[in-house]
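The structure under discussion appears below in the form of structure tokens.
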Amino acid sequence: MEGAGKPLIVQSDQTILVEVNHPLYTVVRDKLLTFTELEKSPEFVHTYRITPISLWNAASSLITTAQIVAFLEEHSRYSLPQNIIFFINDMMSRYGKLRLVKHGEKKGYLVLESDDRFIMEEIWNVRGIEKFLSERLSPLEIEFQDFYRGRLKQALIKLGYPVEDLAGYLEGDPLEVRLRQMTLSQNEFGLRNYQQEATDIFYAGGSERGGSGIIVLPCGAGKTMIGLGAMSRLNCHTLILVTNITAVHQWHQEILDKTFLTEDDIGEYTGECKEFAPVTISTYQMVTYRRRKEDEFPHFKIFTERNWGLIIYDEVHLLPAPVFRITSEIQARRRLGLTATLVREDGLESDVFSLIGPKKYDIPWKDLERRGWIAQAECIEIRCALPDEQRYEYATLPIRRKYRLAAENPEKMEVITQLLARHQGDRVLIIGHYLNQLRKVAKMVNAPLITGQVNNSDRDILYDKFRRGEIPVLVVSKVANFAIDLPDANVAIQISGTFGSRQEEAQRLGRILRPKDSGKGAIFYTLVTKNSRDQDFSTHRQLFLTEQGYKYTIKTYDGQIQ
């Protein structure tokens, strides 16, 4: 029997089935993570898919076709379909087939080049791309204005040709950024080995092969430190874009604490104050603000107001569509994207790839857990029945309204009460999506509630009290999904989510992953209504974390939590 006992079944539709209980599951899962995407994760067999973007990210990380094919052949139960080998070869070979380089003679122009004259002929004749091109210099070279650098890359990746950008970058205004060995808070400091490795790969010795790309690390693993490492390598004026005001303040404090930069070197460009400085921190919401839909974005000037040498996009998977537009126009600036997951629910992964750069560094969450850099985490899904009086209403609702009714199942309130009794002495976050539900929970458990309606200074006060242990339980809306540093939080209870958002699930687990001084692990509870849209969306949300090696223990609530 061919390949009996091996863990993979590679199918001609570009999917790979993986037997979860196989002894080699962990080994093959971590390898698959480098060139596939997880699509389904039922209990016993997981489905991965090979995609062009996943292969191009692998190619940018110097993984070869031969390595991927050899791995699949070694672990596949059956012979590889020939079309899969062809697809991998074809997609991998496309990365780097087109290159952007500097123009040797004309200022303000770049050159698109290739070793394949047939591809260049195709590109020269594609309708819609001609507006970006200026002159055919030779069968293998096309000249274009550098203003179109980003737009051309976006257009070409949609044709199936990811461009390797070797045109180099502006140095930006100089700024010496030195990292401290002892922080202002009197703690020893140095980049961890994986943080240093990620920084080195992004920097690439200062060559044109570095300077644009994405670092993927779990929440709590120190992505901010990689940003500081990049700043210290490049020593230039830097613009940092983050998700909210709290994150602005946290970056500000980390820069002061761990570098020799001073308050005069750091500015915050927000609704509260608009300061430019050699290092300026702003929010996506700020730069995409406009009064009316037909208006221009008045704060886009932040991208061109100074001679930035580096732009850092924190939580780059949330990059708003308008920021793609301005990013396509500033391709001469070095760009560093930081994220826990490259998953985008809007399908714009190709724009992230072409405009920010390919994935440069990724490390499995479980690897960092084993090394003690993030807390060990247990994921538990508790399924609750919908009360009889609501079951009829659920059955009669249109499908778009079924989720909310199921998500706000009142039986979840009983589960919350029992979980809080079990976790007395722990630091607990109760996280949800619907404000009415959160208000009821906050009132029931007598805990503060943080939503978008709470002003930033009050939020910071509550977060600080939680850190000091004065508040053991916080109820939070999705405003706490991102960039909130609560190192002692060790229990999260998720009562509702943004439909099937995989990125949100990853971010919410990340709130409790920072290593604890007590050595405690973390517990992530998800409360769902069984046999409902709530359960269906929860299953989809769990995909990314399943890919990272987390298993959800399923429990059914029957009046008592087992």
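Going by the conditions given, is GLU389 at pLDDT below 90, over 16 Å from ARG151 (Cβ atoms) and under 18 Å from the mean Cα position of the chain (by Cα)? So that I can check it myself, show each step before the final result.
Numbers: at pLDDT below 90: yes; over 16 Å from ARG151 (Cβ atoms): yes; under 18 Å from the mean Cα position of the chain (by Cα): no.
Answer is no for this residue.
When SER354 is tested against (1) surrounded by fewer than 18 Cβ atoms within 10 Å (Cβ to Cβ); (2) hydroxyl-bearing (Ser, Thr, Tyr); (3) outside the structural domain of ASP536 (by TED's automatic domain parsing), only condition (1) is not met.
Residue by residue, here is whether (1) in contact (Cβ under 8 Å) with a residue 40 or more places away in the chain; (2) assigned by TED's automatic domain parsing to the domain that holds ILE201; (3) under 22 Å from LEU342 (Cβ atoms) holds:
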residue: ARG29; (1), (2), (3): yes, no, yes
residue: VAL45; (1), (2), (3): no, no, no
residue: ARG49; (1), (2), (3): no, no, yes
residue: ALA70; (1), (2), (3): no, no, no
residue: SER76; (1), (2), (3): yes, no, no
residue: ASN83; (1), (2), (3): yes, no, no
residue: PHE86; (1), (2), (3): no, no, no
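Residues in the stretch 171-195 that are among the polar types (S, T, N, Q) and part of a loop (DSSP other than H, G, I, E, B) were compared, and the one that is surrounded by the fewest Cβ atoms within 10 Å (Cβ to Cβ) is GLN186. A Cβ distance below 6 Å, combined with a sequence gap of six or more or placement on separate chains, defines the contacts here; from the stretch 216-242, residues that are on the phi < 0 side of the Ramachandran plot and not assigned by TED's automatic domain parsing to the domain that holds GLY337 reach no residue that is crowded, with 24+ Cβ neighbours inside 10 Å and aliphatic (A, V, I, L, M). Whether any residue in the stretch 317-329 is part of a strand (DSSP E or B), buried (at least 16 other Cβ atoms within 10 Å of the Cβ) and polar (S, T, N, Q) is what I want to check. Checked against the condition, which is being part of a strand (DSSP E or B), buried (at least 16 other Cβ atoms within 10 Å of the Cβ) and polar (S, T, N, Q), the stretch 317-329 yields no hits at all.
With (1) surrounded by fewer than 15 Cβ atoms within 10 Å (Cβ to Cβ); (2) within 19 Å of GLY549 (Cα to Cα) as the list, and HIS75 as the residue in question, which single condition is left unmet? (1) is the only condition that HIS75 fails. Criterion applied to ARG391, ARG383 was being in the same structural domain as PRO515 (by TED's automatic domain parsing), of a type outside the set (Val, Ile, Thr) and over 22 Å from GLU505 (Cβ atoms), and the one residue passing it is ARG391. All conditions but one from (1) farther than 19 Å from ILE356 by Cα; (2) touching a strand residue (DSSP E or B) at 6+ places or on another chain (Cβ under 9 Å); (3) not in a helix (DSSP H, G or I) apply to GLY168; the one that does not is (1). Conditions: (1) closer than 22 Å to THR341 by Cβ; (2) among the charged types (D, E, K, R); (3) touching a helix residue (DSSP H, G or I) at 6+ places or on another chain (Cβ under 6 Å). ARG533 meets all but one. Number of the miss? The failed condition is (1). When the test is whether a residue is closer than 19 Å to GLY337 by Cα and surrounded by 19 or more Cβ atoms within 10 Å (Cβ to Cβ), ARG151 passes it. The residue pairs whose first member lies in the stretch 332-351 and is in contact (Cβ under 8 Å) with a residue 60 or more places away in the chain, whose second member is surrounded by fewer than 18 Cβ atoms within 10 Å (Cβ to Cβ) and of a type in the set (A, V, I, L, M), and whose beta carbons are closer than 7 Å, counting only pairs six or more residues apart or on different chains, are ALA332/LEU170; ARG333/LEU170. The helices (runs of 4 or more DSSP H) found entirely in the stretch 351-421 that carry 1 or more residues being in contact with a strand residue (DSSP E or B) (Cβ under 6 Å, 6 or more places away or on another chain) are 399-407. Per the listing GLY497, GLY452, GLY510, the residue uniquely surrounded by fewer than 20 Cβ atoms within 10 Å (Cβ to Cβ) and of a type in the set (Gly, Ala, Ser) is GLY452. Scanning the stretch 38-71 for residues that are of a type in the set (Asp, Glu) and at pLDDT 85 or above turns up nothing.
The values are calculated or read from the model by the stated rules, or taken from the named source; none is laboratory data. Because the structure is a prediction, the values reported are computed rather than measured. Using ideal geometry, Cβ is built from the backbone for each residue, glycine included, and neighbour counts are taken over all protein chains shown.
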